[in-house]
Amino acid sequence: MKIVVTGGAGFIGSHLVELVLSKPEVEQVAVLDCLTYAGHLSNLRQVERHPRYHFAKIDLRDRNAVAHFIAKFQITHVLHLAAESHVDRSIASPADFIDTNILGTFHLLEGCRAAWQGGMERCRFHHVSTDEVYGSMDEEGRASELTRYAPNSPYSASKAASDLLVRSYHRTYGLPTVVTNCSNNYGPRQFPEKLIPILIQRLLQRQNLPIYGDGLHVRDWLHVGDHCDALWLVLTLGRVGETYNIGANNEWPNLRLAELICDLADEVAPELGESSRKLVTFVADRPGNDRRYAIDSTKIREELGWSARREFREELRNTILWYRNNQDWIAAVRRDSLGR
């Protein structure tokens, strides 16, 4: 297996690279990343000297560079994570999401189609996507792999489009593809713009904790390690042409999550002083904010034997400790992102 991980210098990608390099059947892992504000080589420091690791700074919007790399390194498996992924940024600058998430995926598909003709049976293209493509669920419903797509932000619309593009390449050209749609990830090394790391960082600095609307928007939280375990199973054992949902069945309203983070932070960092809950502040809701995301992971559990195994409170506590103990990382990635 010669695997390329796009977006491998990002949060989920860097954890996935570490996992894949631990597999003896993997001959080489190449990371393709253009190092946007959310991608940092410091995330890959633990593997940078690994003999089976290679890094290439390539922008997926550069069709020729992508095709050349796939052909040159004789890539057999793709784990495609590279994407613009922050909803607020998609509202402010949707063009970046169209160019990267749709056009970039197209270039990757075309590169693989050209390189794999005549030998597709030993290859696999794994497209990593989001539960946001299904749109907002009602209070009880869960999205299955057969649920109709109903994206409500430029981000989720761009991911829905790329999902369907990948599906079309399997149906039209026979490209061996799989798609996964996951719930919200958390854990170490997540860029401090997403909900959990931004809440942790702000409470460590004793700043107000902004909560959209009434705080009752619900998300399902999945540890990045559990997600990576699932991705490996789908890449190697999932059925070609299929989609698999990856969720932890761990739903939390944003306000309750913020309160839990405050309580855990007060436990592990008593030097912070008075109760962190006093920092919670409600702000105007963002446009098109989906009320609830929830996905049904029955298929991956029954077919591949996967389920989320990490205990949420324990791993959330560990995540808070990681951010508290890695303020140099926070400063470096923020400084780096401002320079781009």
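The values are calculated or read from the model by the stated rules, or taken from the named source; none is laboratory data. Note that the structure is a prediction, hence the values are computed from the model and not measured. Glycine gets a Cβ as well: all are built from the backbone with ideal geometry, and neighbour counts include every protein chain shown.
So, in the stretch 80-107, exactly how many residues are aromatic (Phe, Trp, Tyr) and surrounded by fewer than 23 Cβ atoms within 10 Å (Cβ to Cβ)? Looking only at that region, the number is 1. Considered as a group, the residues in the stretch 306-317 that are part of a loop (DSSP other than H, G, I, E, B) and touching a residue at least 60 places away in the same chain (Cβ under 8 Å) include one that is surrounded by the most Cβ atoms within 10 Å (Cβ to Cβ), and that residue is 308. Report yes if some residue within the stretch 59-69 is free of Cβ contacts under 8 Å to residues at least 12 places away in the same chain, surrounded by fewer than 18 Cβ atoms within 10 Å (Cβ to Cβ) and charged (D, E, K, R); otherwise report no. No, because not a single residue in the stretch 59-69 is free of Cβ contacts under 8 Å to residues at least 12 places away in the same chain, surrounded by fewer than 18 Cβ atoms within 10 Å (Cβ to Cβ) and charged (D, E, K, R). A search for C-beta distances below 8 Å between a residue of the stretch 41-52 that is more than 13 Å from residue 13 (Cα to Cα) and any residue that is modelled with pLDDT of 95 or more and assigned to a loop (DSSP other than H, G, I, E, B), counting only pairs 6+ apart in sequence or on different chains, returns 52/26; 52/27.
Inside the stretch 318-335, residues that are surrounded by 13 or more Cβ atoms within 10 Å (Cβ to Cβ) and of a type in the set (Lys, Arg) make up a count of 2. Looking at the stretch 287-303, can you tell me whether even one residue there is assigned to a helix (DSSP H, G or I), at pLDDT 95 or above and of a type in the set (A, V, I, L, M)? Yes - at least one qualifying residue is present in the stretch 287-303. Taking the criterion of being touching a strand residue (DSSP E or B) at 6+ places or on another chain (Cβ under 9 Å) and part of a helix (DSSP H, G or I), the residues of the stretch 32-75 that qualify are 41, 44, 65, 66, 69, 70. Taking the criterion of being in a strand (DSSP E or B) and of a type in the set (Val, Ile, Thr), the residues of the stretch 190-228 that qualify are 211, 218. In the set 126, 77, only one residue is in contact with a Lys or Arg (Cβ under 8 Å, 6 or more places away or on another chain), touching a residue at least 60 places away in the same chain (Cβ under 8 Å) and under 21 Å from residue 242 (Cα atoms); that residue is 77. For the stretch 9-26, residues that are more than 19 Å from residue 186 (Cβ to Cβ), in contact (Cβ under 8 Å) with a residue 40 or more places away in the chain and not in a helix (DSSP H, G or I) total 1. Restricting attention to the stretch 80-100, does a residue exist that is part of a strand (DSSP E or B), of a type outside the set (Val, Ile, Thr) and touching a residue at least 60 places away in the same chain (Cβ under 8 Å)? Checking the stretch 80-100: at least one residue is part of a strand (DSSP E or B), of a type outside the set (Val, Ile, Thr) and touching a residue at least 60 places away in the same chain (Cβ under 8 Å).
Within the stretch 234-254, the residues that satisfy the criterion of being surrounded by fewer than 18 Cβ atoms within 10 Å (Cβ to Cβ) and assigned to a helix (DSSP H, G or I) are 236, 237. A count restricted to the stretch 127-159 and to residues that are buried (at least 24 other Cβ atoms within 10 Å of the Cβ) and either in contact with a His (Cβ under 8 Å, 6 or more places away or on another chain) or among the aromatic types (Phe, Trp, Tyr) (or both) stands at 4. Of all the residues in the stretch 282-303, those that are surrounded by fewer than 17 Cβ atoms within 10 Å (Cβ to Cβ) and either within 25 Å of residue 258 (Cα to Cα) or among the aliphatic types (A, V, I, L, M) (or both) number 9.
Taken over the stretch 164-189, the criterion of being free of Cβ contacts under 8 Å to residues at least 60 places away in the same chain and in a loop (DSSP other than H, G, I, E, B) is satisfied by 174 alone. Residues in the stretch 130-163 that are of a type in the set (Asp, Glu), touching a Ser or Thr at 6+ places or on another chain (Cβ under 9 Å) and either modelled with pLDDT under 95 or part of a loop (DSSP other than H, G, I, E, B) (or both): 145 only. For the stretch 111-126, residues that are in contact with a helix residue (DSSP H, G or I) (Cβ under 8 Å, 6 or more places away or on another chain) and surrounded by fewer than 17 Cβ atoms within 10 Å (Cβ to Cβ) total 1.
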